[in-house]
Amino acid sequence: MSTIEKDKPRETKRAWAEISKQALLNNLHVIAKRSNKTIDQIVAVVKANAYGHNMTLVAPFLEKAGVKIFTVATIDEAIALRACCPDASILILGTTDYCYTSDLKKHQLMQTVVSDDDIQGFAIASEKAGGPPLGIHLKLDTGLARLGFPSDPSHQARTAEAMLKATSYTSLDVRGVYTHFASSGEDPDYSDKQRRLFNDTLALAKEHGFPDIACHISNSSAILEPPNDNDDYVRPGLALYGGKLRSTSDSRHDLLPVMTVKARIEQIRDIEKGARVSYGGTWVAHRPTRLAVVAIGYADGLPRVLSNRGSLLYRGHDCPIRGAVCMDHIIVDITGLQDVKPGDTMMFFGKDTFTERAASDVAHLCGTIDYELFCGISERIPRLLVP
């Protein structure tokens, strides 16, 4: 391993994730084109560490490309984002305890409000904290049954009244109204119903004096499956990162994968027929076999469910995982491949000069979605911004 120690930077001695600037910029422009919006009308979702891509790398790059508004899930994420994007507008999509209102105002963060209690609680806390009013966005629940003011017909009048009430407090500044689709791309009829409920509730509020405030409704699949003409802003998450969208059409819409996860071979070994491999000996060689021990395991985010069923790619060649995935390593079959040596690179998912493997394909094999796979790539995997 001495030559590897000398020739390879520390970040890439073991396993790492490459974050492609070219792919990220491509996806940003695809989103703008498909949604008929300018870059500054794109609200970039960078919660969960930019879906595992590293928020402190991704957000400043997007800001430099023209994005002005970002969303995160928690106040801690928002404060971390403020540190690397001092001029951005930042919206927290999740709830925040009223006792942290002074922190929201200190870091110039916008807070999602989801109930009558929220309106009153933040209004009182903001007045007590002093200074400029707290920026808020009102969230309507149109069919996800998660956070938000109810907008079904039986609750629309009450919600419209609450929306109007929010504008009456001098300690609050209502800057936006939004909702979130439950099945965009999969169930267009249900998405249409959600959009109607949103528009009807907003129209009712405006009849009673609610001001003309910016709206953002469309998430990634909705952006790429129009219409979204009545959105002032669009709010992409997975599309930014080139994930496979749940869509009624079988198309990736020219999106490119942003993350590529790679790992190095640490050792190569030959075993005889009948030899058992990895913990529990769940794979037994049926012939003389050449194996590569690769420096990535379930502690890095390679799911253990891929034991004896997943694979890595070596210069475009599929190398099956043999035996159980270990915490720090996996063992793959390289029988028949020529000139493989310790220090060589293998790919888990993403794109290299030889081939491409979608994270969604790996996720499907794991019985999950690419969102979870991205977010599961652990912190000990360095993220490297590459051209």
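What follows is calculated from the coordinates using simple rules that are stated; it is not laboratory data. Remember, predicted model here, so these are calculated numbers, not experimental data. All Cβ positions, even for glycine, are placed from backbone atoms using ideal geometry, and neighbour counts span all protein chains on display.
A few points about this structure:
- Annotation: amide H of I90 within the under-5 Å range of F70, M110, sequence separation 5 or more or interchain, hydrogens built in the peptide plane.
- The stretch 259-357 shape via C-alpha gyration tensor axes, a/c threshold 1.5: oblate
- Within the stretch 157-257, GluC sites (Glu not before Pro) in DSSP loop having at most 16 other beta-carbon neighbours inside 10 Å: E186
- Model label sites at H155 and R380, defined 7 Å from Cα along the beta-carbon direction, differ in position by 4.4 nm.
- Of the trypsin sites (Lys or Arg not before Pro) in the stretch 293-387, the ones in a loop by DSSP (not H, G, I, E or B) with at most 14 other beta carbons within 10 Å are R309, R380.
- Cα gyration tensor shape of the stretch 21-241, rounded if a/c is under 1.5, else prolate or oblate by comparing a/b with b/c: oblate
- Each peptide among 13-21, 337-345, 90-98 gets the average number of other Cβ atoms lying within 10 Å of its residues, and from highest to lowest they stand as 13-21, 90-98, 337-345.
- Between Y100, Y279, Y190, the GNM of the chain built on Cα springs shorter than 10 angstrom shows Y279 fluctuating the most.
- Taking a straight line from the alpha carbon of K193, these aspartates and glutamates sit under 17 Å away, with near neighbours fewer than eight places off in the same chain left out: D141, D152, E225, D229, D231.
- Cβ-based charge dipole, the stretch 168-304, positive-most Cα from P211, P236, Y169: P236
- The string of couplings for the stretch 342-350 from the Karplus curve (6.51, -1.76, 1.60, θ = phi - 60°) is x, x, 5, 9, 10, 10, 8, 8, x Hz, one whole number per residue in order, with x for Gly and Pro.
- Footprinting exposure proxy for R175, R10, R269 (fewest neighbouring C-beta atoms within 10 Å first): R10, R269, R175
- Placing +1 on the Cβ of every Lys and Arg and -1 on the Cβ of every Asp and Glu, with nothing else charged, gives the chain a dipole about its Cα centre of roughly 1280 debye.
- Positive dipole terminus of the stretch 244-387, leading residue within P303, S278, L384 (C-beta point charges): S278
- Counting only DSSP H runs of at least 4 residues, each contributing -39500 (n - 2.57), and dividing by the residue count of the chain, the helix-based mean residue ellipticity at 222 nm comes to -9000 deg cm²/dmol.
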